[in-house]
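**Q** Quick one: this structure, given as structure tokens, is what I'll be asking you about.
The values are calculated or read from the model by the stated rules, or taken from the named source; none is laboratory data. All values derive from a computational prediction rather than experimental measurement. Methodologically, a virtual Cβ is constructed for each residue, glycine included, from the backbone with ideal geometry; neighbour enumeration extends over all protein chains shown. Protein only, heavy atoms only, side chains kept; ligands, DNA and RNA dropped before computing areas. Shrake-Rupley method; radii C 1.70, N 1.55, O 1.52, S 1.80 Å.
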Amino acid sequence: MIIQESMTLKRKLEILSDAAKYDVACTSSGVDRKGDGSGMGNSIAAGICHSFAQDGRCISLLKILYTNECVFDCKYCVNRASNDVVRTSFTPEEVCHLTMEFYRRNYIEGLFLSSGVKGSPDRTMEELLGTVRLLRHKYHFQGYIHLKAIPGASPELIAQAGYLADRMSVNLELPTAEGLKKLAPHKSRKTILGPMKQIQQQRDQNKEELVLYRHAPRFVPAGQSTQMIIGALGESDYQIVSVAESLYKKFSLKRVFYSAFVAVNEDKDLPMPLSGPPLLREHRLYQADWLMRFYGFRASELLSEKHPDFNLLLDPKADWAVSHLEFFPVEINRADYYELLRVPGIGYTSARRIVGARRTHSLDFQDLKRMGVVLKRALYFITCNGKMMYNTRLEENYIVRNLLDEEKLRGDKTAFRQLSLFGEEMGAKRVYQVNPAADFTGKELII
Ligand code: SF4
């Protein structure tokens, strides 16, 4: 392992922000523009990425590894011990200096700090803890901090870190225990799920303390998240969404992030995808995740052992609808909120509007358009006062063909919208881009 002790801070930042880019809890801004000297600042590749707050606000984070030294040898990782790459580490003071300077210049609103395993999980966690402690107590930094919990670190260290960070995450890495054993032999389900459970239990306990003492310190107030790599092994989409569902239930996770496998190492146990990372698959998983979190779908409704993978041509909600035609047509003036949510083209905002508006008058298709229903998708599945919008047939092949044609008309041949989710609202052709890997709940994705 080549460890460079003397290196400029800028060079360290280049290496350690680049090494952090495979963690998808945030996505890189991707801008690399040098200042020309006539103004202030530049946007060199300095690890600034964007995330989203609960209210939909976009926030910029400094996303770095504390160190890319690592004694673990996860086969899929560029920083694995057996790779011959230049290694370096920040000092706690350097991380604080960068965070404060970037914050003062208004480049960032927070810090996303992850790390390779330097020496041992405890030693690494101690250094991370020391860094955020310094940042909070010496530099009085009150911005957002997302801190990775190192698998295998002792519960005492995680407990202390949770009172300093806003969000913590432990990456599940692979959906199955066998997969973990094969590709990340130094990690185990126990060392990953242990801290996850501890964070969840301490958060629950903290909520009770806060009821009694309003000013009690808050433990991981922005909740915890995790990440799974998609496509590194032969796991099915059904396995992945079932694991995600169980994580949401058992550990009250705020988000599960899905990261399409990127082949950065050659290894006999790794696939070498000819067509690049499985981004469309990742996109379908984010759509399904959205359906489970906001639309009341269960994993077992979306997929099954017999039908284990998502249809790459149709989004999961449309795919569910065309395979459950017995549920349709849904009568807009009578269906309950949850039935409305099952209709492709009706999102939770428009479902709420429908339920509210029909208290005073019965609704027609023009009303639905005004309420933000995407009629091009919904028209096959709904009636207003017993009538379909056009003379369409409730027949699987016919609907699938028309939905696919509609995708083509949108200039999007296979619904292949890599890493972006789009929604149209209010029929006003307002298209907004959603970062699927973000903590985004402020705007609605209509699928
Ligand atoms: S623990 Fe594994 S995934 Fe994390 S930096 Fe080390 S080799 Fe990479």
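**Q** Among the numbered conditions (1) in contact (Cβ under 8 Å) with a residue 60 or more places away in the chain; (2) touching a Cys at 6+ places or on another chain (Cβ under 6 Å), tell me where Leu135 comes up short.
**A** (1)
**Q** Within region 88-131, how many residues turn out to be in contact (Cβ under 8 Å) with a residue 60 or more places away in the chain and either farther than 11 Å from Tyr66 by Cα or not assigned by TED's automatic domain parsing to the domain that holds Val71 (or both)?
**A** Of the residues in region 88-131, 6 are in contact (Cβ under 8 Å) with a residue 60 or more places away in the chain and either farther than 11 Å from Tyr66 by Cα or not assigned by TED's automatic domain parsing to the domain that holds Val71 (or both).
**Q** Among (1) of a type outside the set (Phe, Trp, Tyr); (2) under 24 Å from Val262 (Cα atoms); (3) within 13 Å of the ligand (Cβ to nearest atom), which single condition is Ala153 missing?
**A** Looking at each condition in turn, Ala153 falls short on (2).
**Q** Would you confirm whether or not region 322-332 contains a residue that is under 22 Å from Val241 (Cβ atoms) and touching a residue at least 60 places away in the same chain (Cβ under 8 Å)?
**A** At the first step, the residues of region 322-332 found to be under 22 Å from Val241 (Cβ atoms) are 322-324, 327.
Still in the running and touching a residue at least 60 places away in the same chain (Cβ under 8 Å): 322-323.
Yes, there is a match, as at least one residue in region 322-332 is under 22 Å from Val241 (Cβ atoms) and touching a residue at least 60 places away in the same chain (Cβ under 8 Å).
**Q** Please specify each residue of region 154-166 satisfying the condition of being open to solvent by less than 10 Å² (accessible area, probe 1.4 Å) and not in a loop (DSSP other than H, G, I, E, B). Before the answer, list the steps.
**A** Pass one, region 154-166, residues open to solvent by less than 10 Å² (accessible area, probe 1.4 Å): 158, 161-162, 165.
Matches in region 154-166: Ile158, Ala161, Gly162.
**Q** Moving to a separate point now. Could you list, in sequence order, all residues of region 182-203 that are within 13 Å of the ligand (Cβ to nearest atom) and surrounded by fewer than 16 Cβ atoms within 10 Å (Cβ to Cβ)? Give the derivation first.
**A** Taking region 182-203 and keeping what is within 13 Å of the ligand (Cβ to nearest atom), we get 183-188, 191-192.
If the condition is that a residue be within 13 Å of the ligand (Cβ to nearest atom) and surrounded by fewer than 16 Cβ atoms within 10 Å (Cβ to Cβ), then Pro185, Ser188 are the ones that fit.
**Q** Still on this structure, please answer the following. Note down all Cβ pairs under 8 Å where the first residue falls in region 249-275 and is β-branched (Val, Ile, Thr), the second is open to solvent by 20 Å² or more (accessible area, probe 1.4 Å), and they're at least six residues apart or on different chains.
**A** Listed by first residue and then by second, the contacts come to Val256/Tyr248; Val262/Tyr22; Val262/Pro277; Val264/Tyr22; Val264/Tyr76; Val264/Cys77; Val264/Val78.
**Q** Another question, if that's okay. Has region 125-144 got any residue that is open to solvent by 20 Å² or more (accessible area, probe 1.4 Å), modelled with pLDDT of 95 or more, touching a Ser or Thr at 6+ places or on another chain (Cβ under 7 Å) and within 15 Å of the ligand (Cβ to nearest atom)?
**A** The answer is no, given that none of the residues of region 125-144 is open to solvent by 20 Å² or more (accessible area, probe 1.4 Å), modelled with pLDDT of 95 or more, touching a Ser or Thr at 6+ places or on another chain (Cβ under 7 Å) and within 15 Å of the ligand (Cβ to nearest atom).
**Q** Taking the condition of being polar (S, T, N, Q), in contact with a strand residue (DSSP E or B) (Cβ under 8 Å, 6 or more places away or on another chain) and more than 19 Å from Thr226 (Cβ to Cβ), how many residues in region 243-293 meet it?
**A** 0
Results for (1) open to solvent by 20 Å² or more (accessible area, probe 1.4 Å); (2) part of a loop (DSSP other than H, G, I, E, B); (3) more than 29 Å from Arg189 (Cβ to Cβ); (4) modelled with pLDDT of 95 or more, shown as yes or no for each residue.
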| position | (1), (2), (3), (4) |
| --- | --- |
| Asp267 | yes, yes, no, no |
| Gly276 | yes, yes, yes, no |
| Ala321 | no, no, yes, yes |
| Leu340 | no, no, yes, yes |
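**Q** In addition: With respect to Val71, determine if the residue is closer than 15 Å to Leu16 by Cα and in the same structural domain as Leu147 (by TED's automatic domain parsing). Before the answer, list the steps.
**A** Details: closer than 15 Å to Leu16 by Cα: no; in the same structural domain as Leu147 (by TED's automatic domain parsing): yes.
So Val71 fails the test.
**Q** Considering only residues that are assigned to a loop (DSSP other than H, G, I, E, B) and more than 9 Å from the ligand (Cβ to nearest atom), which ones fall in region 57-68? Walk me through how you get there before you give the answer.
**A** In the first step, residues of region 57-68 are kept if they are assigned to a loop (DSSP other than H, G, I, E, B); the result is 57, 66, 68.
Arg57, Tyr66, listed by residue number.
**Q** Assigned to a loop (DSSP other than H, G, I, E, B), touching a helix residue (DSSP H, G or I) at 6+ places or on another chain (Cβ under 8 Å) and small (Gly, Ala, Ser): which single residue out of Ala222, Ala216 fits that description? I'd like the intermediate steps shown before the answer.
**A** Numbers: Ala222 fails: touching a helix residue (DSSP H, G or I) at 6+ places or on another chain (Cβ under 8 Å).
None of the others qualify; the one that does is Ala216.
**Q** Now for a separate question. Of all the residues that make up region 74-87, how many are in a strand (DSSP E or B) and either outside the structural domain of Met7 (by TED's automatic domain parsing) or surrounded by fewer than 17 Cβ atoms within 10 Å (Cβ to Cβ) (or both)?
**A** Of all residues in region 74-87, those in a strand (DSSP E or B) come to 86-87.
From the residues that got through so far, the ones that are either outside the structural domain of Met7 (by TED's automatic domain parsing) or surrounded by fewer than 17 Cβ atoms within 10 Å (Cβ to Cβ) (or both) too are 86.
Of the residues in region 74-87, 1 are in a strand (DSSP E or B) and either outside the structural domain of Met7 (by TED's automatic domain parsing) or surrounded by fewer than 17 Cβ atoms within 10 Å (Cβ to Cβ) (or both).
**Q** Hey, another quick one. Here are the criteria: (1) in contact (Cβ under 8 Å) with a residue 24 or more places away in the chain; (2) within 16 Å of the ligand (Cβ to nearest atom). Tell me which single one Ser82 does not satisfy.
**A** Result: Ser82 fails condition (1) only.
**Q** Just one of the numbered conditions (1) in a loop (DSSP other than H, G, I, E, B); (2) touching a residue at least 12 places away in the same chain (Cβ under 8 Å) is not true of Ile354; which one?
**A** (1)
**Q** Quick test of your reading of the structure: Lys207 fulfils all but one of (1) modelled with pLDDT of 95 or more; (2) under 25 Å from the mean Cα position of the chain (by Cα); (3) surrounded by 15 or more Cβ atoms within 10 Å (Cβ to Cβ). Name the failing condition by number.
**A** (3)
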